Amino acid sequence: MKKLLIAAMCLLAFAACKQDKPKADLAAAQQRDSLNQVIAQKDTEINDLMSTMNEIEEGFREINEAENRLSLAKEGEGANREQRIRENLQFIQSTMKQNRELIAKLQRQLREGSIKGEQLQRTIENLTKQMEEKDQQLQQLRAELDAKDIRIMDLDEKVANLNTNVSNLTAEGNRKTQTINAQDQQLHTAWYVFGTKSELKDQRIYDGGKVLQANFNRDYFTKIDIRVTKEIKLYSRSAKMLTAHPASSYTLQRDANKQYVLRITNPQQFWSTSKYLVILVK
């Protein structure tokens, strides 16, 4: 009888393992799919960034070639000398304008995408510096042409308008960047507080069994960036969440001193219900 009982228990355990295996396989497949989607997105963003940078580098190469042709035309002679100078100056102006737009596009791609890094930011700064140097070289070249009484009259107005447009675009870009930074900071800002019942009542944070009613003291809270602060030490052996946050987005665990530590495992989910966190301790 005992042998039959043992055999039956083994069969049940084996059957349970077989049932759990498809679930584990499904979870692993879903995790792989999610990871592959993230990798594909990163690859697309990197390819877009590299494509834009290649276009900018090609623009600088064409500008350098045009500058060489312009130097030859400037020192040359002939009836079409001024025409060659005119055409090369126009090409340089047009290509520099295109490069400015591409650099602005690259900045936008870096700002709005998920690919971040100091090296990319330094690359953009170097490209911007190259544009400034090209501007200075072009101004010097025009001064040399003026000194030799070689004036390209129809370019004067275009250059003035282009410089005005660049200044306006720069100012507008700075305003947009400031607005985006402010919105980004606001989006990722939250506040937390923990205290005893009497402390929270004194600040009207916990009043009449309710939390965060009108006229509570907001200055009593600690302001944080939710992308940075993911662990809050509570320095207490008793802790109770008073604000509602998804249970799957955090853990409350004791440290070596038996005191509670709040660990936020999914910040976006945790702060989705409220940007204020209140914890009651003793």
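We did not get these values from a lab; they are worked out from the coordinates using the rules stated. This one's a predicted model, so the numbers in the text were calculated from it and none came from an experiment. Cβ sites come from the backbone with ideal geometry, for glycine too, and all protein chains shown count toward neighbours.
Placing a label point 7 Å from the Cα of H188 along the Cα-to-Cβ direction, the residues of segment 246-282 whose backbone N falls under 12 Å of that point are 268. Residue ranges 97-108, 123-134 sort as 97-108, 123-134 when ordered by packing (mean number of other C-beta atoms within 10 Å per residue, highest first). Going down the table (K105/K223; K197/K233; K129/K223; K230/K258), which pairs top 26 Å between alpha carbons? Those over the limit are K105/K223; K129/K223.
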